[in-house]
Amino acid sequence: MRFYQQLLAAVSFGVLALSAGVNASASPANPQVGTDYRVLDQAQPTDSGNKVEVTEFFWFDCPHCAAWDPSLTAWVKKQGDKINFKKVPVAFRDSFVPQQKLYYTLEAMGREDLVPKIFQAIHVEGQRVNTDKTILAYIEKVGVDKQKFQDLYNSFGVQTKARRAAQLQEAYKVDGVPMIAIEGRYVTSPAVVGVALANQPESMQQAAALQVMDHLIAKAAAEKAAGGKKK
């Protein structure tokens, strides 16, 4: 976990530096660029049509991703048809790749329902589900067709998606997880929003991030309707 903590410290330091000169009225209810979210220098293409695209960058072994997943899932459900939600598993180093392949294999099998169970297995039950061997053992344990899973896990399609995830991670400048990107342009997270709430429980930081995301969804939708994108 030390690697993740170093990343989180780095992004928090950057946000604190940006926050120093920002309007003191900034808050989750009145989010400010540079404090509660940032704008990518180069907007990334989206393919969600009239919907707003929302992308979560995550890592199965990240305890903060696991803690946020239930609230984020409920938030996504509440958004209904307003958004097109995607999850992108990150790989800050090569050892993360098996979990990328795990997610994309489950996606190909239509078994995304196992995602919260995997978080549970790792962070509550203390299981290792992060190598080819431990992933296959877990899949067999939960009753998934092992041969079908293994065929997809090693397939060209899943490997291509893992490589694409790495490209997205670089394009969005992901330096910590969980991170949320909205409409290929706006980026926020509980860690970013939580800088001003450092003494508050993590659940409050998560709720504040969801509030900022509501604001950014409305902002992005209005910009799409107007046919342009502005800061």
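The values are calculated or read from the model by the stated rules, or taken from the named source; none is laboratory data. Because the structure is a prediction, the values reported are computed rather than measured. Glycine also receives a Cβ, built like all others from the backbone with ideal geometry; neighbour counts cover every protein chain displayed. Side chains are part of the model used for accessible areas, which takes the heavy atoms of the whole protein and leaves out ligands, DNA and RNA. Shrake-Rupley method; radii C 1.70, N 1.55, O 1.52, S 1.80 Å.
Points to keep in mind about this one:
- Residues in segment 41-229 average 48 Å² of solvent-accessible surface per residue, probe 1.4 Å, ligands and nucleic acids excluded.
- Per residue, the convex hull spanned by the Cα atoms of the chain amounts to 127 cubic angstrom.
- Mean residue ellipticity (222 nm) of the chain, computed from DSSP H runs ≥ 4 via -39,500 (n - 2.57), nearest 500: -16500 deg cm²/dmol
- Rolling a 1.4 Å probe over the protein heavy atoms of the chain, with every protein chain left in place, gives an accessible area that is 53 percent carbon and sulfur.
- With all protein chains modelled, accessible area of LYS146 [1.4 Å, Å²]: 80
- The chain: relative contact order in percent, alpha carbon pairs under 8 Å with at least 6 residues between: 31
- For segment 46-167, the dipole from Cβ point charges (+1 on Lys and Arg, -1 on Asp and Glu) about the Cα centre works out to 80 debye, to the nearest 20.
- Once backbone amide H atoms are built at 1.01 Å from N, TYR37 has GLN32 as its partners under 5 Å, excluding neighbours fewer than 5 places away on the same chain.
- Residues whose placed amide H lies under 5 Å from that of PHE58, excluding near-sequence neighbours: VAL88, VAL90
- Cα long-axis angle, helix 132-141 against the chain (0 to 90 degrees, to the nearest 10): 80
- For segment 77-92, backbone phi angles converted through the Karplus equation (6.51, -1.76, 1.60; θ = phi - 60°) give residue-by-residue couplings of 4, 5, 5, x, 7, 6, 10, 10, 9, 10, 10, 10, x, 8, 9, 6 Hz, Gly and Pro being listed as x.
- Shown are ASP151, ASP214, whose ranking by accessible area with a 1.4 Å probe and every protein chain present, most to least, is ASP151, ASP214.
- In this Cβ point-charge picture (+1 for Lys and Arg, -1 for Asp and Glu), the chain has a dipole of about 280 debye about its Cα centre.
- Residue of ALA66, ALA43, ALA207 that the Gaussian network model of the chain assigns the largest fluctuation, springs spanning Cα pairs under 10 Å: ALA43
- Long-range amide H partners of GLU53 with built H, under 5 Å: ASN84, GLU183
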